[in-house]
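Student: Here's a structure for you.
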Amino acid sequence: MKAIFSPSLMCMDLTHFREQIHLLNTRADRYHVDVMDGHYVKNITLSPFFIEQLRKLTDVPIDVHLMAEHPQEFLIDACIDAGATMICLHPEVVQKDVFRIIRHIHQRKCEVGFVLNPATPVAALDAFIHLIDRVTIMTIDPGFAGQPFIEEMLQKIKEVKDVKEKGGYSFSIEVDGSCNESTFRLLAEAGNEIYIIGTSGLFGLHEQLDIAWETMKQLFAKETAAMKSP
């Protein structure tokens, strides 16, 4: 399967928002937008308003990662109305309403994914994994960019891949956190399919984003080619 790259827009240079989005529109497979409420994680980042402005500039799919204690009360519909094409949720915060929420998101013609924090087991998805479109594995603790990679999560990626293959499921597998030169090969070997690229994987590689993107692609190709070597 071809690797899919999803820039994390909380890491972009917002002083050059229009310019950087126009450039990424010809390169990115998807966009990753983190919406945090300051309660589920101790940070506040992007918003439905940001998604609305982004949608005016792009036709690229927009994946929204909701890190909020009560996303079903407002944020889910606000993000879909603004232009989101996928809503990614944490199972801990929607557990009692999970089937209703999945059904609602799909009825809104939007995809739904679930995000596993480092301490959340894959088994947390067992009851509804057949209904979802993506599983995202956090390889850092959620809330802040630039944290160190948690190597134990490689086994979790392998476990999710095994569940997908044995169950015949069609969900995609994504990694959020420290997708960069030092982890590309490890993530690919474990079975990852979608790479969320932030500061260390893209935006911090060069002040010119077009050069940063080409550098990222070259590093990924070099690392995954080494993976296939004898």
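Student: Can you tell which of Asp176, Asp133, Asp162 is more than 15 Å from Pro7 (Cβ to Cβ), modelled with pLDDT of 95 or more and touching a strand residue (DSSP E or B) at 6+ places or on another chain (Cβ under 7 Å)?
Tutor: Details: Asp176 fails: more than 15 Å from Pro7 (Cβ to Cβ); Asp162 fails: touching a strand residue (DSSP E or B) at 6+ places or on another chain (Cβ under 7 Å).
None of the other options fit; the residue is Asp133.
Student: Pairs under 8 Å by beta carbon, first residue within 13 Å of Pro71 (Cα to Cα) and without any contact (Cβ under 8 Å) to a residue 24 or more places away in the chain in segment 36-53, partner surrounded by 15 or more Cβ atoms within 10 Å (Cβ to Cβ) and not polar (S, T, N, Q), six or more apart or different chains?
Tutor: Going by the 8 Å Cβ cut-off, the qualifying pairs are Ser47/Val35.
Student: Condition first: touching a His at 6+ places or on another chain (Cβ under 6 Å) and not basic (Lys, Arg). Can you find one or more residues in segment 40-60 that meet it? Don't jump to the end; show me each part of the working.
Tutor: Our first condition is that a residue be touching a His at 6+ places or on another chain (Cβ under 6 Å); within segment 40-60, this holds for none.
No, segment 40-60 contains no residue that is touching a His at 6+ places or on another chain (Cβ under 6 Å) and not basic (Lys, Arg).
Student: Filter segment 2-22 for residues that are aliphatic (A, V, I, L, M), open to solvent by 40 Å² or more (accessible area, probe 1.4 Å) and touching a Ser or Thr at 6+ places or on another chain (Cβ under 9 Å) and give the result.
Tutor: Looking only at segment 2-22, we keep the residues that are aliphatic (A, V, I, L, M), and these are 3-4, 9-10, 12, 14, 21.
Those still in the list that are open to solvent by 40 Å² or more (accessible area, probe 1.4 Å) too: 10, 14.
Of everything in segment 2-22, just one residue is aliphatic (A, V, I, L, M), open to solvent by 40 Å² or more (accessible area, probe 1.4 Å) and touching a Ser or Thr at 6+ places or on another chain (Cβ under 9 Å), namely Met10.
Student: A follow-up question, please. Modelled with pLDDT of 95 or more, of a type in the set (Gly, Ala, Ser) and more than 17 Å from the chain's Cα centre (by Cα) - does that describe any residue in segment 66-84?
Tutor: Yes, that holds for at least one residue.
Student: On to the next question. Is there a residue in segment 23-31 that is of a type in the set (Val, Ile, Thr) and either surrounded by fewer than 14 Cβ atoms within 10 Å (Cβ to Cβ) or within 15 Å of Met216 (Cβ to Cβ) (or both)?
Tutor: We begin by selecting, within segment 23-31, every residue of a type in the set (Val, Ile, Thr); these are 26.
Then drop every residue that is not either surrounded by fewer than 14 Cβ atoms within 10 Å (Cβ to Cβ) or within 15 Å of Met216 (Cβ to Cβ) (or both), which leaves 26.
Yes, segment 23-31 has at least one match.
Student: Continuing with this model, one more query. Could you check Asp210 against (1) assigned to a helix (DSSP H, G or I); (2) more than 18 Å from the chain's Cα centre (by Cα); (3) surrounded by 14 or more Cβ atoms within 10 Å (Cβ to Cβ) and say which number it fails?
Tutor: (3)
Student: Counting only residues that are acidic (Asp, Glu) and outside any helix (DSSP H, G or I), how many does segment 127-174 have?
Tutor: Residues of segment 127-174 that are acidic (Asp, Glu), as a first pass: 133, 141, 151-152, 159, 162, 165, 174.
If we keep only those that are outside any helix (DSSP H, G or I) too, we end up with 133, 141, 151-152, 174.
Residues that pass the stated criteria total 5.
Student: So, in segment 1-25, of the ones that are of a type in the set (A, V, I, L, M, F, W, C), in contact with a helix residue (DSSP H, G or I) (Cβ under 8 Å, 6 or more places away or on another chain) and touching a residue at least 40 places away in the same chain (Cβ under 8 Å), which residue ends up farthest from Asn192 (Cα to Cα)?
Tutor: Leu23
Student: Given the structure, is Glu165 under 18 Å from the mean Cα position of the chain (by Cα), open to solvent by 60 Å² or more (accessible area, probe 1.4 Å) and more than 20 Å from Arg30 (Cβ to Cβ)? It would help to see each step written out before you state the result.
Tutor: Numbers: under 18 Å from the mean Cα position of the chain (by Cα): no; open to solvent by 60 Å² or more (accessible area, probe 1.4 Å): yes; more than 20 Å from Arg30 (Cβ to Cβ): yes.
Against the criterion (under 18 Å from the mean Cα position of the chain (by Cα), open to solvent by 60 Å² or more (accessible area, probe 1.4 Å) and more than 20 Å from Arg30 (Cβ to Cβ)), Glu165 does not qualify.
Student: In segment 42-65, which residue that is more than 16 Å from the chain's Cα centre (by Cα) and modelled with pLDDT under 95 is farthest from Lys109 (Cα to Cα)?
Tutor: Initially, segment 42-65 is screened for residues more than 16 Å from the chain's Cα centre (by Cα), giving 42-44, 48-50, 52-59.
With the extra rule that they be modelled with pLDDT under 95, the set shrinks to 42-44.
On the way: Lys42: 31, Asn43: 29, Ile44: 27 Å.
Across segment 42-65, the extreme among qualifying residues is Lys42.
The values are calculated or read from the model by the stated rules, or taken from the named source; none is laboratory data. Computed from a prediction, not measured in an experiment: that's the story for all the values here. No Cβ is skipped: glycine too gets one built from the backbone with ideal geometry, and neighbour counts run over all protein chains shown. In case anyone asks, the SASA skips ligands and DNA or RNA and just uses the protein heavy atoms, side chains included. Shrake-Rupley method; radii C 1.70, N 1.55, O 1.52, S 1.80 Å.
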